[in-house]
């Protein structure tokens, strides 16, 4: 199947292969971005379009992106395939990440996983944790002892950056290797995409965590953590779809909950 | 003949080429050159004219291709640092160009005036703002460097504890942030020049530098919030046309949001540092 479309003269267009995959799924209006992918490369294909020309069979297997314009680690054009999203697509994925019961995230991102969500949602979370963590600490201390003055602890930035980036990058890698070891096929980019979008709930929750009532803070973080963990776990379960990997799913659930508890304890005491 | 790749030259580089040509004429005093008296004045400025002077250069001077290629480099690298570029073609003949022996004050003044002119183009309203190609053609990195360091120093000075850590965070945030924002635009399929974009994002920091200085001098929280909000809006307004014109219109928000995020985080840092 690979050879039949690499021999096409228009192989720099995505052609009908992603559209064929999309037709099997439920026909949502997400078809339209799929159609856009056919016309988008010629608009932009001057220099970046080089990345869309296939270089023979892709090394990662067919369920990955059908063409793989990998030009080496240090060439930007080999990474543009992971940022091939428009504003409405990103917003769509963000909205769907806020609904923990769904389980269809992987089908949404299957043809076009993006790393934009991972990078910028985690960066936003770092900033929000550092900023609102300081505010919340101040408000909490003011609540109990009204003589405290504002003190900006810049180490919150370092801690937030280390923990959020570490979690968002390492956990999907760990799951990827674990799933590969256990025989099931996994895609690292899709895992990164999933975990990246799962952090968006924490950004919203951080706004609410400013309220200096301890009981309320715990309620909020438990709810947010559960929503995010359900999102990750249900999607992982529908992705693996094999019953012997339920331990993975449970582990993912509890890891996300652990992140939520960590955020509460360290940044919003 | 290299007429196929002739490009219209920048004014300053054209004058550099003329300078070097006159030096060539001055240094060719004896030797078998016969065409020298009949050499016409420099041709009109439509193409790189060094090729036209090659008939009489070949005998006793360094060969023209390095000279023409070094002159071709001049338009694309407009003064990266105070030791100026035209000097590298000068070692083979006669007196060196003026920019190497000029007083230091002249060099500094030239760079300062370029910083000021770039600042006026980027940050203040002017008719060329909407055309990114024209607005910052003569980009440089000195201005952004000064602004980032000065902003870090202002924040560090305002902080009461962990001063060095504050400076490190501010500097890292701004420097890495500029690089990552540029990479973000490139990854989204946009068309910008890497260093020109770095230069631009650095110049757009100027309003926040002003805000940081105001916050450093006055410690009132309300005043800080107002000053930072105004300067933040100004910085975002300055950066908007350049970033939005670089990418596909459907991805404009994806390219602009990180810029906004970076400026908001710097603004928060300015307000929050006590």
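The values are calculated or read from the model by the stated rules, or taken from the named source; none is laboratory data. Note that the structure is a prediction, hence the values are computed from the model and not measured. Cβ placement follows ideal geometry from the backbone for every residue including glycine, while neighbour counts extend to all protein chains displayed.
The table for this structure:
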| item | result |
| --- | --- |
| Test: residue A:188 is over 14 Å from residue A:123 (Cα atoms), surrounded by 18 or more Cβ atoms within 10 Å (Cβ to Cβ), away from chain B (no Cβ under 14 Å) and at pLDDT below 90 | no |
| Residue in the stretch B:228-237 that is within 14 Å of another protein chain (Cβ to nearest Cβ), more than 30 Å from residue A:92 (Cβ to Cβ) and crowded, with 18+ Cβ neighbours inside 10 Å present | yes |
| Test: residue A:171 is assigned to a helix (DSSP H, G or I) and more than 14 Å from every other protein chain (Cβ to nearest Cβ) | yes |
| Set A:138, A:165, A:176, A:156: member being part of a helix (DSSP H, G or I) and away from chain B (no Cβ under 14 Å) | A:176 |
| Residues that are in a helix (DSSP H, G or I) and within 12 Å of chain A (Cβ to nearest Cβ), drawn from the stretch B:211-227 | B:221, B:224 |
| Every residue from the stretch B:263-274 that is assigned to a helix (DSSP H, G or I) and either over 16 Å from residue A:121 (Cα atoms) or more than 9 Å from chain A (Cβ to nearest Cβ) (or both) | B:263, B:266, B:267, B:268, B:269, B:270, B:271, B:272 |
| Residue under evaluation residue A:217, criteria (1) surrounded by 15 or more Cβ atoms within 10 Å (Cβ to Cβ); (2) in contact (Cβ under 8 Å) with a residue 24 or more places away in the chain; (3) closer than 17 Å to residue A:124 by Cα, criterion not met | (3) |
| Qualifying positions in the stretch B:175-194 - surrounded by fewer than 20 Cβ atoms within 10 Å (Cβ to Cβ) and at the interface with another protein chain (Cβ under 10 Å from one of its Cβ atoms) | B:180, B:183, B:191, B:194 |
| Which numbered condition residue B:234 fails, given (1) in contact with a helix residue (DSSP H, G or I) (Cβ under 9 Å, 6 or more places away or on another chain); (2) more than 24 Å from residue B:116 (Cβ to Cβ) | (2) |
| Helices (runs of 4 or more DSSP H) lying entirely in the stretch A:185-269 (those with 2 or more residues that are over 29 Å from residue A:153 (Cβ atoms)) | A:188-198, A:214-240, A:246-267 |
| Scope the stretch A:77-100; condition within 24 Å of residue B:177 (Cβ to Cβ), surrounded by 16 or more Cβ atoms within 10 Å (Cβ to Cβ) and without any contact (Cβ under 8 Å) to a residue 60 or more places away in the chain; matching residues | A:77, A:78, A:79, A:80, A:83, A:84, A:85, A:86, A:87, A:90 |
| Out of B:256, B:208, sole residue that is surrounded by 17 or more Cβ atoms within 10 Å (Cβ to Cβ), more than 14 Å from chain A (Cβ to nearest Cβ) and at pLDDT 90 or above | B:208 |
| Every residue from the stretch B:152-162 that is at the interface with chain A (Cβ under 10 Å from one of its Cβ atoms) and without any contact (Cβ under 8 Å) to a residue 60 or more places away in the chain | B:161, B:162 |
| Residues (buried (at least 17 other Cβ atoms within 10 Å of the Cβ) and in a helix (DSSP H, G or I)) located in the stretch B:157-174 | B:158, B:166, B:167, B:169, B:170, B:171, B:173, B:174 |
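Condition check ((1) surrounded by fewer than 20 Cβ atoms within 10 Å (Cβ to Cβ); (2) within 12 Å of residue A:268 (Cβ to Cβ)) across all residues:
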{"residue": "A:102", "(1), (2)": "yes, no"}
{"residue": "A:107", "(1), (2)": "yes, no"}
{"residue": "A:115", "(1), (2)": "yes, no"}
{"residue": "A:122", "(1), (2)": "no, no"}
{"residue": "A:136", "(1), (2)": "no, yes"}
{"residue": "A:140", "(1), (2)": "yes, yes"}
